[in-house]
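The values are calculated or read from the model by the stated rules, or taken from the named source; none is laboratory data. Remember, predicted model here, so these are calculated numbers, not experimental data. FYI the Cβ positions are ideal-geometry reconstructions off the backbone, even for glycines, and counts take in every protein chain you see.
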C-alpha cells in the first residue's frame, strides 16, 4: 500500500505526464525513424539509420523539445483549459506553475547541450526551434490564421531537421510534407471551433471568434480541397508503394469529413472531427512502412527493427 506522500508523488508524476502529453512522444519518435528509413534516406540500409547515433540524438532532442513545448503551452493556456478541458486541467494543476517552468528550462538546457555535441548547426536549429515554440505560445497563437499556420509549421519542423541532416531534397518529400502540413493546419482550425468558449473568455483572436464559424468552416473546406493536390502527385506521379492505399482511404474519409463539418455545431461534434484527423495522422505514421514493406519483412532487419 502506498502512503500519502507516495500517492501524492504518483499523482504529480501522472500530472506531469499529462502536461507533456507523454502518450504522444512515442508516436513522434516512431514517425521520425520511419520517415528517415522510408522517405528521407531511402538509399540507406534500415540498420544504418537505426544505429546512427547522431540521428538518435536528433530524435531525442526533437521529442524533448516538443514535450517542453507542451509544458510552456500548458503554462500560458491554464486559464483557457479550465473552460475547454476541465477534467484534464484539474489533473495538470497538481503540478505547480513554478515546477512546470523548472522542468521546461531543464529540458531545454539538456536539449541544447546534446544538440551541441552533434554539431553547431544542430545547436542553432534547436535553439531557434525552442524560441519559436515559446514565441508561438506566448504571442502568436492568439492571432487568427497566423497562429494556426505557425502551429502546423512547428509540428513538421522536426522532420525538416532530419531532412537537413541527410541533405536529401527529393520532390516526393515536399508532397509528403505538404499533405501532413495541411492535415495539421485543418486540425488546428478544428481545435479553434472546438475551443470557442475558452478562447473567447481569454481574448484569443481566433478565426471563429473574429470572422465567425461560417468563415472558419469555409477556410477548412478550401484546405480539404487543397489536400487533393499532394494526394494526386503521391498516388500518380511518385512511387509510394502500397502507401497509395492509405491516400485513397484518406481521400474518401476527408470527403465525409467535409460533409460532417458543415453539420457540426457543438463542441462534442468538433471533438469527433478533431479525433478523426488525429487518427489519420497517426495511421499515416504507421502506413509509411507500406512504401517498401520488404524492409520490415527481411528476416534480419525485422528482428533489428523490433
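Some notes on this structure:
- Some residue of the stretch 188-201 being in contact (Cβ under 8 Å) with a residue 24 or more places away in the chain, closer than 23 Å to residue 76 by Cα and loosely packed, with under 15 Cβ neighbours inside 10 Å: yes
- Complete set of residues in the stretch 234-255 that are part of a helix (DSSP H, G or I) and more than 23 Å from the chain's Cα centre (by Cα): 235, 236, 241, 242
- Failed condition for residue 259, given (1) surrounded by 15 or more Cβ atoms within 10 Å (Cβ to Cβ); (2) over 22 Å from the mean Cα position of the chain (by Cα): (1)
- Residue within the stretch 57-73 that is over 17 Å from residue 22 (Cα atoms), surrounded by 14 or more Cβ atoms within 10 Å (Cβ to Cβ) and modelled with pLDDT of 90 or more present: yes
- Hits in the stretch 204-230 (condition: out of contact with any helix residue (DSSP H, G or I) (no Cβ under 7 Å at 6 or more places or on another chain) and over 30 Å from residue 244 (Cβ atoms)): 210, 211, 212, 214
- Residue selected from the stretch 1-42 under the condition outside any helix (DSSP H, G or I) and either touching a strand residue (DSSP E or B) at 6+ places or on another chain (Cβ under 6 Å) or touching a residue at least 40 places away in the same chain (Cβ under 8 Å) (or both), by the criterion surrounded by the fewest Cβ atoms within 10 Å (Cβ to Cβ): 22
- Residues being modelled with pLDDT of 75 or more, buried (at least 17 other Cβ atoms within 10 Å of the Cβ) and in a helix (DSSP H, G or I) - total across the stretch 85-102: 1
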